[in-house]
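Step one of this worksheet: look at the structure below.
Only the coordinates and a few stated rules stand behind these numbers; no lab work does. Please read all numbers here as calculations on a predicted model, not as lab measurements. Here the Cβ positions follow ideal geometry from the backbone for every residue, glycine too, while neighbour counts run over all protein chains shown.
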Amino acid sequence: MKNRRTVLVTGGCGFIGANFIHLLRNKYPDWRVINLDKLTYAGNLKNLQSISEDENYSFIRGDICDAATVNRIFSAEKIDTVIHFAAESHVDRSITGPADFVQTNIVGTFTLLEAARKFWIEGNSQVKEPCFLHVSTDEVYGSLGETGYFTETTPFDPRSPYSASKASSDHLVNAYFHTYGLPVRITNCSNNYGPYQFPEKLIPLVFNNSMKGKSLPVYGDGKNVRDWLYVKDHCQAIVEVVNKGRSGHCYNIGGNNEKQNIEVVNLICDTLDRKLGLPESGEPRRSQITFVKDRLGHDRRYAIDAAKIKEHLGWEPQVSFEQGIEKTVDWYLANQKWVAEIVDGSYEQYYEEMYSK
């Protein structure tokens, strides 16, 4: 894909979206990037402040469910590439408020697909082959036992309102390929971590609570297993799928880093102890760990087989989990003002209530 692209990134002010836009601006500075973000609680304009004056970057505040806004962007900006990150993504929140997940993840994806279908099928794309890339999750596959891996042909078996809404949107995207010939690609990734992650997810939550001397809540026995993927590795994989992926194909993106949740928490605690010394209590930060009642429908293990993307596109992760945690902790230590500005009293109260149930 040597052509100059005009890329619509949805949810670009969020965690993965912001990291992706930074990568895109560095890698392809002549591509135009339009960032459409509703700026819900996890969207932060400061994540992209350093490129806000870039002539090939523009931000539009809007809702992906608003068909008039989405259609206007396609027409005015001549969009030929969509990277669809925008989603409600936290399982805990989907359990207490599933309606937002249905609306954003299903209706929002449908609205984008319709806009792309109408605009591109009318021959308005500026490039030979436009691309609609839908960023999804390995959670659509359900839960694994102690062995085995998710592949691109693993049947869907979602267990939470979040994963069900993402599975639904994956099916919609596939249907638009088979029914209308829309040039779509889907990526299903494992757990991301790294800079700019909103502190409701495990790694930034543990960091934030550790710094404040608060308890570190761990669900159940802490032995639920996830495959961890450094966000910048993920963003590079997405670039490869846009550049070299095939329409109608799905690509699993994993980090080859299976870890129990308790292992993750312990590593963060030990890293902070090493970098900052012990807290005033004199006790290692591991002593702050508190096991809490397990989450409803908590999948036991996720693990991705990423052989297809390696074989077909030549991508594989470059950052080990230990290296990634080191980079992530260093970023959060250097950006504690960023954390403080987005963590307000209502957020902390919400999670204190969640983990006390």
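Per-structure values
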item	result
Difference of contour (0.36 nm per residue) and Cα-Cα distance, D221 to N335	37.9 nm
Pairwise label distance in nanometres, S75 with N26, each label 7 Å out on the Cα-Cβ vector	3.8 nm
Cα-based Rg and Dmax for the range 1-144, where Dmax is the largest Cα-Cα distance (Å)	15.2, 46
Gain upon complete extension [F156, S247; 0.36 nm per residue less C-alpha separation]	30.7 nm
Cα-based reach from K46 at 28 Å (exclusive), listing lysines while leaving out same-chain residues under 8 positions away	K27, K38, K78, K166, K201, K212, K214, K232, K275, K327, K337
Length-normalised contact order of the range 25-82 in % [C-alpha pairs under 8 Å, at least 6 apart]	36 percent
Relative contact order, percent, the chain [alpha-carbon distance under 8 Å, six or more residues apart]	17 percent
Estimated FRET transfer efficiency (E311, E280; beta-carbon r; R0 35 Å; 0.05)	0.10
Potential extension, H90-A175 segment - 0.36 nm per residue separation minus Cα distance	28.1 nm
Evaluated over the chain, the Cα radius of gyration and Dmax, each in Å	19.9, 67
Environment charge at L202 (Cβ cut-off 12 Å; Lys +1, Arg +1, Asp -1, Glu -1)	+1
Contact order relative to length of the range 67-180, as percent, for alpha carbon pairs under 8 angstrom and 6 or more apart	36 percent
Principal semi-axes in Å for the range 145-275 [√(5λ), Cα gyration tensor, largest first]	33, 17, 14
A99-F291 pseudo-label distance in nm [points 7 Å out on the Cα-to-Cβ vector]	3.7 nm
Q318/A67 FRET efficiency (R0 30 Å; Cβ-Cβ; nearest 0.05)	0.15
Kirkwood Rh in Å, taken over the range 257-322 so that all alpha-carbon pairs contribute	15.2 Å
